[in-house]
Amino acid sequence: MAIPETHSFAPWNTSAYRAPDQSPGFRLWRDFLHWQRSLNTVLRPLGLTQPQFAILAVCAWLSRKDGFTTQQQVALLTNMDRMHISQIVSRLERDRLLKRNVGDADNRVKRITLTDAGEVKLRAALPLVEKHDRSFAASRRKSQPLLGEADPSSTI
């Protein structure tokens, strides 16, 4: 078995930032993952994940007028991948929290509505999520500079 060659590379220094924590994109991604993990912990006793909650909440919001929405409308509002939404909706349908029907005029349109159980679950989850979000935002303001501001103490 051959031993791979070791290469000596020059230090990687093409970034405009001295450290990852100085990059607004990196910090946003890291904060999002932290927010999502902590919200999943809050939602776990209800049997929901953050993406499932988001789909339920958006579905409820969009269906206020007509009593239903479509997967396409959910995709447009959330900016989530349509295939990902379809997978989450399938799971929520299997859990009897959403109901999916084909549209009257177009069989390709997937109309989705909350079931009674979905509405009960959403009503239980919403105050928990809103409390979590307020707490999370307050803790970020105290411990982190605003997004885009460099933290001079940051190092890799």
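Descriptive notes on the structure:
- Considered as a group, the residues in region 123-156 that are of a type in the set (A, V, I, L, M) and over 25 Å from C59 (Cβ atoms) include one that is modelled with the lowest pLDDT, and that residue is I156.
- Test: residue in region 91-105 that is part of a helix (DSSP H, G or I), buried (at least 17 other Cβ atoms within 10 Å of the Cβ) and either in contact (Cβ under 8 Å) with a residue 40 or more places away in the chain or of a type outside the set (G, A, S) (or both): yes
- Matching residues, region 62-84, being touching a residue at least 12 places away in the same chain (Cβ under 8 Å) and either part of a loop (DSSP other than H, G, I, E, B) or under 21 Å from V129 (Cβ atoms) (or both): L62, S63, G67, F68, T69, V74, L77, T78, M80, H84
- Residue pairs whose Cβ atoms lie under 6 Å apart, separated by 6 or more positions or on different chains, with the first residue in region 110-131 and closer than 19 Å to Q72 by Cβ and the second polar (S, T, N, Q) and surrounded by fewer than 16 Cβ atoms within 10 Å (Cβ to Cβ), are R111/N101.
- Test: V120 is of a type in the set (A, V, I, L, M, F, W, C), modelled with pLDDT of 95 or more and farther than 30 Å from D21 by Cα: yes
- For L48, the stated conditions hold: it is in contact with a Leu (Cβ under 9 Å, 6 or more places away or on another chain), at pLDDT 90 or above and in a loop (DSSP other than H, G, I, E, B).
- Hits in region 11-69 - residues which are buried (at least 17 other Cβ atoms within 10 Å of the Cβ) and among the charged types (D, E, K, R): D21, R27
- Considering each residue of region 57-66 in turn, at least one proves to be at pLDDT 95 or above and either of a type outside the set (A, V, I, L, M, F, W, C) or out of contact with any strand residue (DSSP E or B) (no Cβ under 9 Å at 6 or more places or on another chain) (or both).
The values are calculated or read from the model by the stated rules, or taken from the named source; none is laboratory data. Note that this is a predicted model, so its numbers are computed, not measured. Heads up, the Cβs are rebuilt from the backbone with ideal geometry, glycines too, and the neighbour counts pull from every protein chain shown.
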